[in-house]
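See below for the structure under consideration.
Laboratory data are not the source of any read-out in this text; all were calculated from the coordinates shown. Predicted model only: the values in this text are computed from it and were never measured. Backbone-built Cβ (ideal geometry, glycine too); neighbour counts: all protein chains shown.
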Amino acid sequence: MSEAHHHCLAPTRARSGMDPLLPFLDSALAAPVTISARDVQRIDSVRLHILLSAQKRWARDGQPFRIVDMTPTFRIGLERLGVPADQFDKDAQQ
């Protein structure tokens, strides 16, 4: 099994298009991933799309993809964007 990769999301997405999340995900392909959302109070739709796409990719590759340390407002933001608050908890049981 590959070594797990860890990343802590910045409080907000980089508007320049160079959000560190993208290079992290590229470098972590085919390995277990854990992403901390401890500093994120609000999830925006672009970052959510990136995380949902990555979750799907990791599931397809049979690798764990976990988001941990979700704040209550992060979970509320998921629901406001039409995603169940437990969307990323489902993979934590793998």
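Along the charge dipole of the chain, pointing to its positive end and built from +1/-1 on Cβ of Lys, Arg, Asp and Glu, which listed residue (Q55, S45, P72) has its Cα farthest out? Selected residue: S45.
Residues within the reach of a label modelled at S45 (point 7 angstrom out along Cα to beta-carbon, backbone nitrogen below 17 Å), restricted to segment 57-90, are 77-84. Can you list the residues, at least 5 places off or on another chain, whose amide H is less than 5 Å from the amide H of D19, using H built in the peptide plane? Residues meeting the criterion, in which the H sits 1.01 Å from N, are A14. Remark on F65: its backbone amide H falls under 5 Å from those of V33, a criterion applied only to residues 5 or more positions apart or on other chains, H modelled at 1.01 Å from N. For segment 20-94, the equivalent ellipsoid built from the Cα gyration tensor has semi-axes of 19, 13, 11 Å, listed from largest to smallest. Across segment 57-72, rounded Karplus estimates of 3J(HN,Hα) from the backbone phi angles (6.51 cos²θ - 1.76 cosθ + 1.60, θ = phi - 60°) give 5, 5, 4, 4, 7, x, 10, x, 9, 10, 10, 10, 6, 6, 6, x Hz, Gly and Pro being marked x. Computed from phi, the 3J(HN,Hα) profile of segment 20-33 under the Karplus parametrisation 6.51, -1.76, 1.60 (θ = phi - 60°) reads x, 4, 5, x, 4, 4, 4, 6, 9, 3, 6, 9, x, 10 Hz, with x in place of Gly and Pro. Between T71 and M18, take the C-beta separation as r, use R0 = 30 Å, and let me know the FRET efficiency to the nearest 0.05. Efficiency, from the Cβ-Cβ distance: 0.80.
Close amide H pairs (under 5 Å, H built 1.01 Å from N) link S36 with H7, C8, L9, V68, residues at least 5 positions away or on another chain.
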